[in-house]
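Here is the structure we will look at, set down as structure tokens.
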Amino acid sequence: MKSIPEPPKIVVVGSCNTDMIIRADRFPEPGETVLGGTSFMEPGGKGANQAIAAARLGGSVTLVSKIGYDIFGLQAIELYRNENISTCHVITDVSNPSGLAMVTVNSMGENYIIVAPGANSTLSPEDVAKAEPCIAEADILIVQLEIPIPTVEYAIELARRHGVPAVMKPAPAPLSLSDSIISRLFAILPNKVEAEQLAGIDITDTRSARAAADIISRRGVDNVIITLGGGGVFVKAGESYASFPAREIEVVDTTGAGDVFCGAFCVQVSLGRPIMEAVVYANAAASLSVTRLGAQQAIPYRSEVDACI
Ligand code: RIB
């Protein structure tokens, strides 16, 4: 009888927010008011989105995060439990509200996001230290930058100590990120804006994407995967380079697509798939998510991604 592989253990140290989303034909100019269309609210946050993506796509996920003592936090934690995510390290901060994100989506599916971090800004290295046994047992650690950088750094260091590969989605785009953090990562997954910030050059075509990947890689990380939206994905994996086109789809909302890519990529890598294959799978998962409105409600399930691979 064929044995079913154990789901990979994934720990996400990161943010959770509530997203307030408004669709509008276009973004307002400074000082201008525009009338929008559909509006809705749903749990979001880059950390939580990545955790849900990893869980829906086959991971056994633990989320290390902080919520406020409010209705948004309570709703978020209930949702994580319904997604089979371990919430024993989701801490309640009684002094700060839950993180809040104002998201505007235009008719092209592009978004503008402003985040008020709230409780996310108090997730500390001490909080992460309590999750050390989970991190030590994990197949992969995922981090992003909506929580304090010293906390991110500590989580990566814990993972390194236990031989656990760490993957970073460097969002929001970092103004500065030290080489000592980057060099402890197994892989970094910036989008165009984030890669430009990290490399200090503009990305306009495959050649400049490769140059950016090289610059970032020279800062100490072997695997650089740049997601370029409609421009596809550019990958530097060790000494190999590849460019994957975007899939032909109707774009409704790109919010959270990078989070889906990250969650999907990490599940695939921890299942032992080579980087390039993991990227193809993650590209398919992210493409599915942009055909739907919202961040978490748009995250596909494994059967959906498997069907379009
Ligand atoms: O990446 C999308 C996410 O960014 C949204 O869910 C929002 O909460 C912000 O964190």
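The values are calculated or read from the model by the stated rules, or taken from the named source; none is laboratory data. Remember, predicted model here, so these are calculated numbers, not experimental data. Every residue, glycine among them, receives a Cβ derived from its backbone with ideal geometry; neighbour counts consider all protein chains shown. The protein model used for the area step is the full one, side chains on, heavy atoms only, and it has no ligands, DNA or RNA in it. Shrake-Rupley method; radii C 1.70, N 1.55, O 1.52, S 1.80 Å.
Select from the stretch 89-116 the residues that are over 30 Å from P28 (Cβ atoms) and free of Cβ contacts under 8 Å to residues at least 40 places away in the same chain and write down the one among them that is surrounded by the most Cβ atoms within 10 Å (Cβ to Cβ). Explain how you work it out, then say what you get.
So the first thing to find is which residues in the stretch 89-116 are over 30 Å from P28 (Cβ atoms), and the list is 89-95.
So of that shortlist, the ones also free of Cβ contacts under 8 Å to residues at least 40 places away in the same chain come out as 91-95.
On the way: I91: 17, T92: 15, D93: 19, V94: 8, S95: 9.
Out of the qualifying residues, it is D93.
Among the residues of the stretch 193-230, count how many are under 16 Å from the mean Cα position of the chain (by Cα), buried (at least 17 other Cβ atoms within 10 Å of the Cβ) and free of Cβ contacts under 8 Å to residues at least 40 places away in the same chain.
6
Quickly run through the stretch 77-88 and pick out the residues that are surrounded by 14 or more Cβ atoms within 10 Å (Cβ to Cβ) and either more than 16 Å from the ligand (Cβ to nearest atom) or of a type in the set (D, E, K, R) (or both).
Within the stretch 77-88, E83, S86, T87 qualify.
Out of V269, V290, I need the residue that is within 25 Å of C16 (Cβ to Cβ) and more than 16 Å from the ligand (Cβ to nearest atom). Which one?
Checking each option against the conditions leaves just V269.
Scan the stretch 184-192 and tell me whether some residue there is within 16 Å of the ligand (Cβ to nearest atom), touching a Ser or Thr at 6+ places or on another chain (Cβ under 7 Å) and open to solvent by 40 Å² or more (accessible area, probe 1.4 Å).
Yes, there is a match, as at least one residue in the stretch 184-192 is within 16 Å of the ligand (Cβ to nearest atom), touching a Ser or Thr at 6+ places or on another chain (Cβ under 7 Å) and open to solvent by 40 Å² or more (accessible area, probe 1.4 Å).
If you go through the stretch 5-26 one residue at a time, how many are away from the ligand (no atom under 16 Å from the Cβ) and either open to solvent by 10 Å² or more (accessible area, probe 1.4 Å) or within 22 Å of D70 (Cα to Cα) (or both)?
Going through the stretch 5-26 one residue at a time, the tally reaches 7.
For residues that are of a type outside the set (A, V, I, L, M), more than 16 Å from the ligand (Cβ to nearest atom) and closer than 25 Å to A282 by Cβ, tally how many sit in the stretch 154-183.
The number of residues fulfilling the criteria is 5.
Given the condition aromatic (F, W, Y), away from the ligand (no atom under 16 Å from the Cβ) and more than 14 Å from A48 (Cβ to Cβ), answer yes or no: does some residue in the stretch 102-125 qualify?
No, there is no match, as no residue in the stretch 102-125 is aromatic (F, W, Y), away from the ligand (no atom under 16 Å from the Cβ) and more than 14 Å from A48 (Cβ to Cβ).
Return the pair list, or none, for Cβ contacts closer than 8 Å from residues in the stretch 163-183 that are over 17 Å from I226 (Cα atoms) to residues that are within 16 Å of the ligand (Cβ to nearest atom) and part of a loop (DSSP other than H, G, I, E, B), at least 6 apart or on different chains.
Pairs found: none.
Picking from V279, V260, V290, V267, which residue would you name as being among the β-branched types (V, I, T), surrounded by 24 or more Cβ atoms within 10 Å (Cβ to Cβ), touching a Ser or Thr at 6+ places or on another chain (Cβ under 6 Å) and modelled with pLDDT of 95 or more?
Going through V279, V260, V290, V267 in turn, just one is among the β-branched types (V, I, T), surrounded by 24 or more Cβ atoms within 10 Å (Cβ to Cβ), touching a Ser or Thr at 6+ places or on another chain (Cβ under 6 Å) and modelled with pLDDT of 95 or more: V260.
Please work out which residue is farthest from the ligand (Cβ to nearest atom), limiting yourself to the stretch 54-71 and to residues that are assigned to a strand (DSSP E or B) and open to solvent by 10 Å² or more (accessible area, probe 1.4 Å). Explain how you work it out, then say what you get.
Going through the stretch 54-71, the residues assigned to a strand (DSSP E or B) turn out to be 60-68.
Filter once more, so that each one left must be open to solvent by 10 Å² or more (accessible area, probe 1.4 Å): 60, 62, 66.
Values: S60: 22, T62: 19, K66: 14 Å.
Ranking the qualifying residues of the stretch 54-71, first place goes to S60.
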